[in-house]
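Novice: The structure that follows is given in the form of structure tokens.
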Amino acid sequence: MTVTSDRPASRLDNIPTWLISQASAHAHRLLTDRLAAAGARGYHYRLLGALDESGPASQAALGRRTGIDRSDVVAALNELSNDGYIRRSPDPNDRRRNVVTITSSGERRLAALVAVLAAVQDELLASLSSAERAVFVELLARILRTAPER
């Protein structure tokens, strides 16, 4: 009887799509776990970051800016609102629409999430030097810049 290893076949060791997929899954687990430990989700960071970067916006604009589906935007904004991190107010130009604004508490929360994300990056890329990290990020960005829109 032959005993087999649970390790993937070595022929996968040098296939970029396999390696990227496995690295992505690992990065996603790290990020999700660390954000959950901080009582947050990735959507919270993306929404607070968009508000901090670009100022008040409608829920629809936030969805477009962050790439988050409309129903997920509403659910995440409800969570952020319940915690006092954002404020919704009627749009003076269109009462059917809400304008979302980050609060000072939300700015502090965003700063805490930035620290969580920085720690995740450090953990994920611990085996790379600073120079290697810069090259790695540039290469990933180049791949994404040339990818067709979905």
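Novice: Need the failing condition index for residue 14 against (1) more than 30 Å from residue 101 (Cα to Cα); (2) in a helix (DSSP H, G or I); (3) open to solvent by 60 Å² or more (accessible area, probe 1.4 Å), just the number.
Specialist: For residue 14, the failing item is (2).
Novice: Quick check, is residue 104 modelled with pLDDT of 95 or more, surrounded by fewer than 16 Cβ atoms within 10 Å (Cβ to Cβ) and either farther than 17 Å from residue 41 by Cα or touching a His at 6+ places or on another chain (Cβ under 9 Å) (or both)?
Specialist: Numbers: modelled with pLDDT of 95 or more: yes; surrounded by fewer than 16 Cβ atoms within 10 Å (Cβ to Cβ): yes; either farther than 17 Å from residue 41 by Cα or touching a His at 6+ places or on another chain (Cβ under 9 Å) (or both): yes.
Yes: the conditions hold for residue 104.
Novice: Might you let me know whether the range 82-98 holds any residue that is surrounded by fewer than 12 Cβ atoms within 10 Å (Cβ to Cβ) and modelled with pLDDT of 95 or more? I'd like the intermediate steps shown before the answer.
Specialist: To start, the set of residues in the range 82-98 that are surrounded by fewer than 12 Cβ atoms within 10 Å (Cβ to Cβ) comprises 82, 89-90, 92-96.
After this cut, where a residue has to be modelled with pLDDT of 95 or more as well, the list is 82.
Yes.
Novice: Taking the condition of a type in the set (Val, Ile, Thr), closer than 20 Å to residue 23 by Cβ and surrounded by 13 or more Cβ atoms within 10 Å (Cβ to Cβ), does residue 116 pass? Steps first, please.
Specialist: Values: of a type in the set (Val, Ile, Thr): yes; closer than 20 Å to residue 23 by Cβ: yes; surrounded by 13 or more Cβ atoms within 10 Å (Cβ to Cβ): yes.
So residue 116 passes the test.
Novice: Does the range 51-69 hold any residues that are closer than 15 Å to residue 88 by Cβ and either assigned to a helix (DSSP H, G or I) or not hydroxyl-bearing (Ser, Thr, Tyr) (or both), and which are they? Steps first, answer last, please.
Specialist: First, the residues of the range 51-69 that are closer than 15 Å to residue 88 by Cβ: 51, 55-63.
Scanning the range 51-69 gives 51, 55, 56, 57, 59, 60, 61, 62, 63.
Residues are listed down the side, and each one gets a yes or a no for (1) over 15 Å from residue 49 (Cα atoms); (2) in contact with a strand residue (DSSP E or B) (Cβ under 9 Å, 6 or more places away or on another chain):
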residue	(1), (2)
65	no, yes
69	yes, no
72	yes, no
79	yes, no
98	yes, yes
102	no, yes
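Novice: Go over the candidates 21, 71 one by one and state the one that is without any contact (Cβ under 8 Å) to a residue 12 or more places away in the chain and either of a type in the set (A, V, I, L, M) or open to solvent by 70 Å² or more (accessible area, probe 1.4 Å) (or both). Walk me through it before giving the result.
Specialist: Numbers: 21 fails: either of a type in the set (A, V, I, L, M) or open to solvent by 70 Å² or more (accessible area, probe 1.4 Å) (or both).
After applying the criteria, what remains is 71.
Novice: Okay, moving on. Of all residues in the range 81-96, count the ones that are over 15 Å from residue 55 (Cα atoms) and out of contact with any helix residue (DSSP H, G or I) (no Cβ under 7 Å at 6 or more places or on another chain). Working first, answer last.
Specialist: So in the range 81-96, the residues over 15 Å from residue 55 (Cα atoms) come out as 81-84, 90, 92-96.
Keeping just the survivors that are out of contact with any helix residue (DSSP H, G or I) (no Cβ under 7 Å at 6 or more places or on another chain) gives 81-83, 90, 92-96.
Counting residues in the range 81-96 that are over 15 Å from residue 55 (Cα atoms) and out of contact with any helix residue (DSSP H, G or I) (no Cβ under 7 Å at 6 or more places or on another chain) gives 9.
The values are calculated or read from the model by the stated rules, or taken from the named source; none is laboratory data. All figures in this text were calculated on a predicted structure; none of them were measured in a lab. Quick reminder, even Gly has a Cβ in these numbers, built from the backbone with ideal geometry, and neighbours come from all protein chains shown. Ligands, DNA and RNA are excluded from the accessible area calculation, which covers all protein heavy atoms including side chains. Shrake-Rupley method; radii C 1.70, N 1.55, O 1.52, S 1.80 Å.
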